[in-house]
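The values are calculated or read from the model by the stated rules, or taken from the named source; none is laboratory data. Just so we're clear, the structure is a prediction, and the values are computed from it rather than from any experiment. Cβ sites come from the backbone with ideal geometry, for glycine too, and all protein chains shown count toward neighbours. The protein model used for the area step is the full one, side chains on, heavy atoms only, and it has no ligands, DNA or RNA in it. Shrake-Rupley method; radii C 1.70, N 1.55, O 1.52, S 1.80 Å.
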Amino acid sequence: MKLTAKDKNLIEEAKRIIVKSNPVKLIGTGDVGAALITSKGNIYRGVCIGFYCGIDSCGEYQAIGAMISNGEKGIKSIVAVWFDEKTKKYRVIPPCGKCREMIKQACRKNINAEVIISGTKKVKLKELLPHSWGGTLEK
Ligand SMILES: [Zn+2]
């Protein structure tokens, strides 16, 4: 599927959260930003974090954590953007396998979430995760 103006705005949101995290200046933290729009239309963002004590997470984890902390779990669309320090360029990247499962496990309906996988293309989560674990954590 081609990207819409809203999708392109979501990419910009992911870039903005990377920039916003810049002042912390931690190694392994903040070079990937993620943004998502919920089924209710709210936007949540997060950046990747990494600590030498073994605690780390993808930007999607942080964005989804913010969403859940605000009482939502349904994702309409999601994107992650990586800032390459060497080239000083941003690049949309597909979610890792753990994040694909996390999106699905947060809410059954998220299997139809739109995942922006490049600067020009998006797919449904079910295309990235055709044989997911069958459960969710939904009560
Ligand atoms: Zn991930």
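If the limit is 26 Å between Cα atoms, which of Lys6/Lys40; Lys8/Lys89; Lys25/Lys73; Lys73/Lys121; Lys40/Lys86 go over it?
From Lys6/Lys40; Lys8/Lys89; Lys25/Lys73; Lys73/Lys121; Lys40/Lys86, over 26 Å: Lys25/Lys73; Lys40/Lys86.
Given a Förster distance of 30 angstrom, what is the FRET efficiency for Lys40 paired with Lys20, based on the Cβ-Cβ distance and rounded to 0.05?
0.85
Leaving out ligands and nucleic acids, note down the accessible area per residue over the chain with a 1.4 angstrom probe, in whole Å².
58 Å²
Can you compute the FRET efficiency between Tyr52 and Cys96 using 1/(1 + (r/R0)^6), with r the Cβ-Cβ distance and R0 = 22 Å? Round to the nearest 0.05.
0.60
What value does the chain have for Rg/Rh, both radii from Cα atoms and Rh as Kirkwood defines it?
0.95
Carbon and sulfur together cover what percent of the accessible area of the chain at a 1.4 Å probe radius?
Values: 4650 of 8090 Å².
About 58 percent, which is the carbon plus sulfur part of the accessible surface.
Using only Cα atoms, locate the centre of region 16-64 and the centre of region 84-122, then give the distance between them in Å, rounded to an integer.
Using only Cα atoms to place each centre, the spacing works out to 13 Å.
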